[in-house]
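Below is one structure; the comments refer to it alone.
None of the figures in this text is laboratory data; all of them are computed from the coordinates on show. What you see is a predicted model; the values in this text were computed from it and never measured. Here the Cβ is made from the backbone with ideal geometry for all residues, glycine too, and neighbour counts use every protein chain on show.
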Amino acid sequence: MRNVVLLTVSAFFWSAAGTSFAAEALAEIQVARHGSDPGFKFEKVPAPAIDDAASKAVFKLLDGQQDGNSGSLDVLHDGRVPGNADDPASNFFLKPGPDGGRLWVDLGSVIGIKQIATYSWHAGSRAPQVYRIYGADGKAPSFKPSPGKGEDPLACGWVSVATVDTRQESGVPGGQHGVTVSAGRAPLLGSWRYLIFDLQSTDPKERFAQTFFSELDVIDANAPAPNRIERIVKTFKSADGKFTYEIDANIAPDLMAWSEMELLPAIREWYPKIAALLPSEHYQPPAVVHFQFKDDMKGVPAYAAGDRISLNAPWFRQNLKGEAKGCVVHEMTHVVQNYWLADRVREAKRAPGWVTEGIPDYVRWFLYEPQSRGAEITARNVAQAKYNDSYRISANFLDWVLRTKDKDLIKKLNAAAREGRYLESDWKNWTGSTLEELGAAWKKANEERLEKH
Ligand SMILES: [Zn+2]
């Protein structure tokens, strides 16, 4: 939210046609940079509008090519913003390369435009916006509705509205960028039906410098003020002030009440507990943990990456009374584990997947909800069970080792995994038996237990 700059575009250019630049002379451009608020809140630039004139407009790409990972043009006027700085599918952007592209918007009829706004979000060179806007009412005799590459819009019935460039001479380009183009104190920027956004690469020397455009708004001077995005995000501090939990239910407002009443107490109790269970030297678990409901996760109920936990909203709605909270406990364990740190270790000895997943399921099934007996070895699965089967079976194995050998072993195992120095031979040092021997003993103990019944 820093760096709000007011630029006034002067009538720097002069056109032989006389009127071509009249709009550009009027345009007053506000730029906000480096935002990171989930709702794109800036000081001088309003949050993106939901039901503005662009929401029902037709969008088309006249020139240039959409990137394969880009969202469709719809994301530009769906009244929704990306969830983070690297959310390609929620943005529209062009293919890598020095060429720009031409985005064309048909508002359906000539409207008095009060303001045009664009929003983008990326951590690097895809954050700034560099483009020129043209407008047309479609009434000029020379009017060409869709001038393509190499065709000068000014020569076929269009006027130049504004030239926008949010780059800075120095400093980090990233974060959210928000731009408004309006006529300052004048009521109207212009009356147009068609708009062209002539998009440029933000850095011709850099291949990946196509702006991640998140939203494009056109504000009709004669319509009621539009509704604007308001993220349903709540933050909660732990009682000791050490941890902050952020719950983003923007796409699932119906889940906020459950999150506050049911999930939050579990988070407050268990995040610090898991942190205490899995310490290592000089390690602090993330102080801020983000929980975000999403609706594009297909069959995955939840996943963790760094300090962010993504929650599959449709899945949660169906499992509120069942697996929902335990699933979050599992993901919080991943946040505390932070085994991504091992990526920074040169020639890291990485823990195998069954350790990475076995620990969260151990925390969940044996500490958080032992009463649900969700990770039992039974007559049905004992024959197939192997200590490294991952998830519940591995959790059961870990529980057995901790109960019968050394309850602090989980701390040693976790520290080795986090620090990128996991060696299978450590099991022998820790317990006096090799991992294979432990696996066999655990299995035998279960078989004997089951035979007795
Ligand atoms: Zn997991």
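How large is ³J(HN,Hα) for each residue in the range 87-98, as worked out from phi by the Karplus curve 6.51 cos²θ - 1.76 cosθ + 1.60 (θ = phi - 60°), to whole Hz, x for Gly and Pro?
Each residue of the range 87-98 in turn: 10, x, 5, 9, 10, 10, 8, 8, 4, x, x, x Hz.
With the contact rule set at Cα under 8 Å and sequence spacing of 6 or more, what percent relative contact order holds for the range 5-220?
On the way: 584 pairs, mean separation 71.2, N = 216.
Answer for the range 5-220 is 33 percent.
Multiply the residue gap between Leu264 and Arg207 by 0.36 nm, knock off their C-alpha separation, and tell me the result in nm, one decimal place. It would help to have the intermediate numbers written out before the result.
Working: separation 57, 0.36 × 57 = 20.52 nm, distance 4.35 nm.
Computed gain between Leu264 and Arg207 is 16.2 nm.
From the phi angles alone, apply the Karplus equation (6.51, -1.76, 1.60; θ = phi - 60°) to the range 58-67 and give each ³J(HN,Hα) in whole Hz, x where the residue is Gly or Pro.
9, 10, 8, 9, 7, 8, x, 10, 5, 6
Taking the Cα centre of the range 258-375 as origin, work out the dipole magnitude from +1 charges on Lys and Arg Cβ and -1 charges on Asp and Glu Cβ, in debye rounded to 20. Could the numbers behind the result be given before it?
Values: 14 positive and 14 negative charges, 24 e Å.
Around 120 debye, computed over the range 258-375.
I need the calculated FRET efficiency for the pair Arg344 and Ala225, taking r as the beta carbon distance and R₀ as 51 Å, to the nearest 0.05. Mind showing how you got there, number by number?
Working: r = 49 Å, r/R0 = 0.95.
After rounding, the FRET efficiency stands at 0.55.
Which distance in Å, rounded to a whole number, links the C-alpha centroids of the range 165-179 and the range 260-298?
Result: 32 Å between the Cα centres.
Zone of Tyr283 (label point 7 Å along Cα→Cβ, backbone N under 15 Å): which residues in the range 318-360?
Within reach of a label on Tyr283, which here means backbone N under 15 Å from a point 7 Å along Cα→Cβ, the range 318-360 contributes 332-345, 349-352, 355-360.
Treating the beta-carbon of each Lys and Arg as +1 and of each Asp and Glu as -1, no other charges, what is the dipole magnitude of the chain about its Cα centre, to the nearest 20 debye?
Values: 54 positive and 57 negative charges, 139 e Å.
About 660 debye.
Mind putting a number on the dipole of the range 319-434 about its Cα centre? Charges go on the C-beta only, +1 for Lys and Arg and -1 for Asp and Glu, and I need it in Debye to the nearest 20. Spell out each step's value before the answer.
Numbers: 19 positive and 15 negative charges, 27 e Å.
The calculated dipole for the range 319-434 is roughly 120 debye.
Distance between Cα centroids, the range 115-134 to the range 196-228: provide it in whole Å.
The range 115-134 and the range 196-228 have Cα centres spaced 5 Å from each other.
For labels at Val300 and Ala440 in the simple 7 Å Cα→Cβ model, what's the distance in nm?
Using points 7 Å along Cα→Cβ, the separation is 3.8 nm.
Under the rule of -39500 (n - 2.57) per DSSP H run of 4 or more residues, summed and divided by the residues of the chain, what mean residue ellipticity at 222 nm is obtained, to the nearest 500 deg cm²/dmol?
Numbers: 9 runs with 98 residues, N = 453.
Value at 222 nm, helices only, nearest 500: -6500 deg cm²/dmol.
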